[in-house]
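The values are calculated or read from the model by the stated rules, or taken from the named source; none is laboratory data. None of the values given here were measured: they were computed from a predicted structure. All Cβ positions, even for glycine, are placed from backbone atoms using ideal geometry, and neighbour counts span all protein chains on display. Surface areas here come from the heavy atoms of the whole protein model, side chains and all, with no ligands, DNA or RNA. Shrake-Rupley method; radii C 1.70, N 1.55, O 1.52, S 1.80 Å.
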Amino acid sequence: MTDTSSLVTGSAAPVSTGATGSPRRNPLANFARSQLGAYLGVAPFLIFAVLFLLVPTLTLVAGAFVDDAGHFTFQNILDLGTPAILNSYWISIRVSAASAILGAVFGLIIALAVIRGRLPEGIRAAVLTFSGVASNFAGIPLAFAFLSTLGRLGLVTVILKTVFDFDMYKAGFNLLSFSGLTLTYLYFQIPLMILIIAPAIDGLKKEWSEAASTLGATKTQFWRYIGLPVLWPNLLGTVSLLFANAFGAIATAYALTGSSLNIVPILLYAQIRGDVLHNPGLGAALALGMIVITAFANVIYLVIRSRAERWLK
């Protein structure tokens, strides 16, 4: 009788086994397959970022060093030092800084009232939902809404003048000015602040306030010595992000003020699309300056936020 085990053993191909007796697997092949799946998953985002962020940015950078004849030049960069352009940058920085600081202050107050003020959960959900919508409500619809509300013939203006005999514009208010544009920007700056700072406020541990209360500290002392110092890096980072958000806004400012307020986005639009001030090279240089300023603000936000996360883990 033939030994079947010997036949099976003889016919089977030798298999390389490890110390545990299981077949060896190529770790490099497994790593390559896992990495391929990860890259395929993130491919849509990478393609979108390249097409709509990297390529336009590189095109603007290249256009800033090209004249009308297509020759390399530094003149567009040197023209950024003219008084009119420097003034436009200064106005844009002031509007962005004012809306960022005011938006951070009022947004922080609202977020603290909703999250730490022991209000009903439904109010928090409603505020956060509205903030998510309002933070993205900008451009021409926002400008039209403010003109219909606070314009010279706006609803609030007419009510104040008819009922209370008070004319805001005679008192010095002007929607098509620095203060008016800053007020309009606050409509989306405050909700954005609420959305960004809410997780940081949630990260304040209840044990900290309980321990401070046990040691005899008041609420004012808790926020002065514990709460605000912990939130301070997040506040600084959020202010820089709000600054970058306002500095790059063009549709709202252009639809609201037109050419009455000389800010960088409107001047840039006039250089690229205008019939009188048509200089695409200078427009690309203006855009390059905006990219540098907003990138600097975003870098500050990322650095400060990475340090602040250590306290909120």
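If the condition is being open to solvent by 50 Å² or more (accessible area, probe 1.4 Å) and closer than 21 Å to Ala113 by Cβ, then region 227-258 contributes Leu228, Pro229, Trp232.
Which residues, taken from region 93-108, are surrounded by fewer than 16 Cβ atoms within 10 Å (Cβ to Cβ) and within 18 Å of Gly237 (Cβ to Cβ)?
Passing the criteria: Ile101, Val105, Phe106.
The combined condition, being aliphatic (A, V, I, L, M) and more than 25 Å from the chain's Cα centre (by Cα), is not fulfilled by Leu181.
Residues that are among the β-branched types (Val, Ile, Thr) and touching a residue at least 12 places away in the same chain (Cβ under 8 Å) within region 60-105 comprise Val61, Val66, Thr73, Ile77, Ile85, Ile91, Ile93, Val95, Ile101, listed in sequence order.
Val163 meets each of the listed conditions (1) under 18 Å from Ala134 (Cα atoms); (2) modelled with pLDDT of 90 or more apart from (1). I'd like the residue in region 167-226 that is among the aliphatic types (A, V, I, L, M) and more than 30 Å from Gly132 (Cα to Cα) and, out of all such residues, is least open to solvent (accessible area, probe 1.4 Å). Applying the filter and picking the extreme gives Ala212. Counting only helices (runs of 4 or more DSSP H) that sit wholly inside region 205-313, those with at least 3 residues that are farther than 27 Å from Leu195 by Cβ and without any contact (Cβ under 8 Å) to a residue 24 or more places away in the chain are 206-214, 264-273. The set of residues in region 128-145 that are within 22 Å of Leu175 (Cβ to Cβ) and open to solvent by less than 30 Å² (accessible area, probe 1.4 Å) comprises Ala134, Ser135, Gly139, Leu142, Ala143.
The listed residues are Asn76, Asn30, and the only one of them that is open to solvent by less than 90 Å² (accessible area, probe 1.4 Å) and either under 23 Å from Leu282 (Cβ atoms) or at pLDDT 90 or above (or both) turns out to be Asn76.
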